[in-house]
Protein chains: 2
Amino acid sequence: MRAVDIIIKKREKGELTKKEIFFFIEGVTKGTIPDYQISAWAMAVLLNGMTPKETTNLTLAMAESGDTLDLSTIAPIVVDKHSTGGVGDKTTLVIEPVVAACGLPVGKMSGRGLGFSGGTLDKMESIPGYRVNLSESEFLSQLKKIGIVLTGQTKDLAPADGKLYALRDVTGTVPSLPLIASSIMSKKIAAGAHAIVLDVKIGLGAFMKTLDDARELAEMMVSIGELSGRKVRAVLSDMNQPLGSAVGNALEVKEAIRTLKGDGPEDFREHCIVIASHMLVLGKKAGDLDEARGMVERMISNGSALSKFRALVQAQGGDINVVKDPERLPSASFVEDLVAPQEGYLSQINARVIGETAVALGAGRAKKSDPIDLAVGLFVHRKVGDFLKLGERLFTIHANDTQHLEVAKEKLLQSLRWQSEPCKPLPLFYGVI
Amino acid sequence: MRAVDIIIKKREKGELTKKEIFFFIEGVTKGTIPDYQISAWAMAVLLNGMTPKETTNLTLAMAESGDTLDLSTIAPIVVDKHSTGGVGDKTTLVIEPVVAACGLPVGKMSGRGLGFSGGTLDKMESIPGYRVNLSESEFLSQLKKIGIVLTGQTKDLAPADGKLYALRDVTGTVPSLPLIASSIMSKKIAAGAHAIVLDVKIGLGAFMKTLDDARELAEMMVSIGELSGRKVRAVLSDMNQPLGSAVGNALEVKEAIRTLKGDGPEDFREHCIVIASHMLVLGKKAGDLDEARGMVERMISNGSALSKFRALVQAQGGDINVVKDPERLPSASFVEDLVAPQEGYLSQINARVIGETAVALGAGRAKKSDPIDLAVGLFVHRKVGDFLKLGERLFTIHANDTQHLEVAKEKLLQSLRWQSEPCKPLPLFYGVI
């Protein structure tokens, strides 16, 4: 078998066999196929697509390109969750403790933020001492012991995906649905998930801009699940405006803790309840979504979810005092409100612009190597559809630099669209696949 | 400007600007754009195409990526000729001396054979002592002195094309019309041509299998000529069966010399007259094709063309005795006829299979680094449309190895298709663009 023939087959819109895909991915992993062949192949895949069978084989080949975790001793059905990324999306911080408190162990390997989109690891690192670099054996023993882990991806998990992604990033081959779907799913499968709830975001602050694209990606991942013997449910959720109120690392941790205490923004709380409920149903801890919702609400109201979060922080070396008193989290020097410059109905709070504002404040990275400021960020106090009077509070900016503060003010006002007629609030969800 | 943005633009079917193309090709030449970006770009070009403007800019950018020859002191209009390659195509060996004998200087840089398709340099090297590695200054002084040069491409001509081609070869990005057209044209323009006659081959033994593809390629190259201020004429010619009779290096030189002496296979002679006539018209040595044909026939019948060939061989260090006595060329140990195994009309003599047979005999290369045997090859004595009786001579095989001889016999019989009803001979040409 020769790599060039596999490229040519895909160039000619052929369907690659399982053997061909495994040969190619083995070559990617071992370095026997040079980068220039991988990138030509990736462009051919992007432009000519892949069948569900091909995408599944690509997923499995990448999942098997390195270590794979066997979590079957932990629980009969291990459920993982993945969000395609957005602004203000601190869902993992709430649903993991909730689901674990319901008796379904959750060990999650998360990523860092890049561009306007935040990352769970960065958020957790705003808790002093919290370690995100557990070894595989630490991961397994903690999951067994307390039923909850939240750490970074170990190096040996799906290395082909890592290599392929790095190459796609610099060759214009990122936005290919089969490549995106297989990248996400390969890591989840390698990490030992038997079932996966996918939170596919749609809108201005998401990778997928349209419902059609998001649905296609979701369907592709569900089909990978079916073809590879994993249960997959995809929830299509809105990312036109930020989720919840807080955007920025320590600020989002605060909001997650508030939500675990039964408080927190209504949209974010509801979002977490729905995602957690799907996980409980997939993990057979609840018979249906209604039963699951009851369990989730109980775990929040009786303090079990918060305890689980505290146990997580403690197990990974974090300062548990922040759970009781979130004011101990890193805080910014300048805190300033931004008020409505006019009267009217908010018809847009552009999540992407909000995310970029957080990056401009120092909360995120433009490049992977950029340092970040855990304390800075902002709160969005209102939602699309709200009516505001002139001078009503809209945002609170947390900055460590007055210049950044001014830039943020300007950008935040640009994120808004106003209208004089009433407009509908945005839905939280667009469907389940 | 970033290479990745140029890749993305082409991925999204955008039209690249002149600036973008020159930036990209400069990066290819200087090595500042890595191979993996070049190959992703090449695949995007292959699958999404290029406009005539883009293709012209790509041609010019590659032509200007290294040295360019200025031949305007040699003649007011320097005419070059390029064949897209085929089996038995020894046209250059005849038309160069003919055209030069008409007073139009021709300095040609040719290539080697690869796969089933032969190369002019290999053929000329079967003349003992003949040098194909002239320097640029040798090239220019010989062209000035005797009006004819036939050598290899100098290293510094269109280096971006060389690099791009090597990468396309291993990344499945060869069969892209804009990439093929710009590759051919960039070398001709860098080599100083003011006008170019393109011999675009069509059929089983050609790169272009269909008339439509060949016409598209031809039109593309003519349009590059128009947009870059060069006169280009493309002749569409048949390559379903071999051109002439000889296939193999020394054998083809023999046939070319026979043709220069006024003999030679009728189809090959006519092909040479037509191509040479177009060159003379483009070079303004003749007012029209009829006048040009008269000049060409005269130069052959009065011996001027043969003298010019002798002068070429002498100037480049070759043994001129072979011109007088071609039997001095390398010859094979085993010469054997292959006769018609049945009676009937020949409806196919597959040029590709014939070319592969020559490679199997040792006349060509499967890989660039393979050595070749200059003496071996074969003669095809009949043409499509001919009626043969059982036992009539069809091929003569020249081999240096009895095993090769047996393989050749078997392959040659496979190259044929027979029918009992009369069938038309193949045309020599399909049109001029």
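The values are calculated or read from the model by the stated rules, or taken from the named source; none is laboratory data. Everything quoted here is computed from the prediction, not taken from an experiment. Because the Cβ atoms are built from the backbone with ideal geometry, glycine has one as well, and the counts that use them run over all protein chains shown. Protein only, heavy atoms only, side chains kept; ligands, DNA and RNA dropped before computing areas. Shrake-Rupley method; radii C 1.70, N 1.55, O 1.52, S 1.80 Å.
The table for this structure:
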read-out: Cut-off under 5 Å, modelled amide H: who pairs with residue B:343 long-range; value: B:390
read-out: Lysine pairs in the range B:331-419 with Cα atoms under 27 Å, if 8 or more residues apart or on separate chains; value: 8
read-out: Residue-averaged [θ]222 nm for chain A, counting only DSSP H segments that reach four residues, each worth -39500 (n - 2.57); value: -14500 deg cm²/dmol
read-out: The range A:372-433: trypsin sites (Lys or Arg not before Pro) in DSSP loop, at most 13 other beta carbons within 10 Å; value: A:389
read-out: Rough spin-label spacing in nm, given labels placed 7 Å along Cα→Cβ, for residue B:213 and residue B:26; value: 3.6
read-out: Interface area, A with B, accessible, probe 1.4 Å, both sides summed, Å² nearest 100; value: 1600
read-out: 3J(HN,Hα) from dihedral phi, the range B:243-259, Karplus parametrisation 6.51/-1.76/1.60, rounded to Hz, x for glycine, proline; value: 8, x, 10, 7, 9, x, 5, 5, 4, 6, 5, 4, 5, 5, 5, 4, 5
read-out: Spatial separation of Cα centroids for the range B:346-415 and the range A:393-422, in angstrom; value: 78
read-out: Trypsin sites (Lys or Arg not before Pro) restricted to the range B:332-370 and DSSP loop, no more than 11 other C-beta within 10 Å; value: B:367, B:368
read-out: Net charge over other residues, Cβ less than 9 angstrom from the Cβ of residue B:113 (K, R count +1; D, E count -1); value: +2
read-out: Rough spin-label spacing in nm, given labels placed 7 Å along Cα→Cβ, for residue A:53 and residue A:368; value: 3.5
read-out: Positions from the range B:19-58 whose accessible area shrinks by 10 Å² or more when the full protein complex is built, not the chain alone, probe 1.4 Å; value: B:35, B:36, B:37, B:39, B:40, B:43, B:44, B:46, B:47, B:48
read-out: Anchor residue B:123: aspartates and glutamates whose Cα lies under 13 Å away (excluding residues fewer than 8 positions away in-chain); value: B:89, B:252, B:255, B:373
read-out: Where a label projected 7 Å from the Cα of residue A:166 along Cα→Cβ would reach, residues of the range B:37-78 with amide N under 15 Å; value: B:37
read-out: Sequence-separation-based contact order of chain B, relative, with Cα cut under 8 Å and 6+ spacing, percent; value: 20
read-out: Among A:306, A:390, A:378, residue whose mean-square fluctuation peaks in a GNM of chain A (springs only between Cα atoms under 10 Å); value: A:390
read-out: DSSP bridge orientation in chain B - percent antiparallel, rounded to nearest 5; value: 50
read-out: Per-residue SASA entry for residue B:307, accessible area with 1.4 Å probe, Å² rounded to 10; value: 60
read-out: Tilt relative to chain A, helix A:304-315 - C-alpha long axis, 0 to 90 degrees, to 10; value: 70
read-out: Cβ-defined net charge surrounding residue B:14, 13 Å radius [Lys, Arg +1; Asp, Glu -1]; value: 0
read-out: Two-decimal ratio, the protein assembly as shown, of alpha-carbon radius of gyration to 2.2 N^0.38 Å; value: 1.24
read-out: Under the Karplus curve 6.51 cos²θ - 1.76 cosθ + 1.60, θ = phi - 60°, whole-Hz ³J(HN,Hα) for the range A:193-198, x wherever Gly or Pro sits; value: 5, 8, 9, 9, 9, 9
read-out: Calculated FRET value between residue A:343 and residue A:400, using beta carbons and R₀ = 35 Å, to 0.05; value: 0.60
read-out: Exam field: residue A:175 pseudo-label spacings to other copies (7 Å along Cα-Cβ), nanometres; value: 3.0
read-out: Other-copy label distances relative to residue A:431, 7 angstrom Cα-Cβ extension, nm; value: 4.8
read-out: Interchain or long-range residues, amide H under 5 Å from residue B:430's placed H; value: B:236, B:237, B:238
read-out: Within a Gaussian network of chain B (alpha carbon springs, distance under 10 Å), most fluctuating of B:288, B:70, B:370; value: B:370
read-out: For residue A:30, inter-copy label distances in nm, listed shortest first [label point 7 Å out on the Cα-Cβ vector]; value: 3.8
read-out: Inter-centroid distance (Cα atoms) of the range A:223-294 relative to the range B:48-79, Å; value: 60
read-out: Accessible area in square angstrom per residue, chain B, 1.4 angstrom probe; value: 39
read-out: Cα-based helix-to-principal-axis angle, A:289-301 vs chain A, degrees rounded to 10; value: 50
read-out: Residues whose placed amide H lies under 5 Å from that of residue B:149, excluding near-sequence neighbours; value: B:106, B:107, B:108
read-out: Surface share of carbon and sulfur [accessible, 1.4 angstrom probe, percent] for the protein assembly as shown; value: 50
read-out: 0 to 90° range, to nearest 10: angle between helix A:211-228 axis and chain A longest Cα axis; value: 50
read-out: Trypsin sites (Lys or Arg not before Pro) restricted to DSSP loop in the range B:1-52 with at most 13 other C-beta within 10 Å; value: B:2, B:13
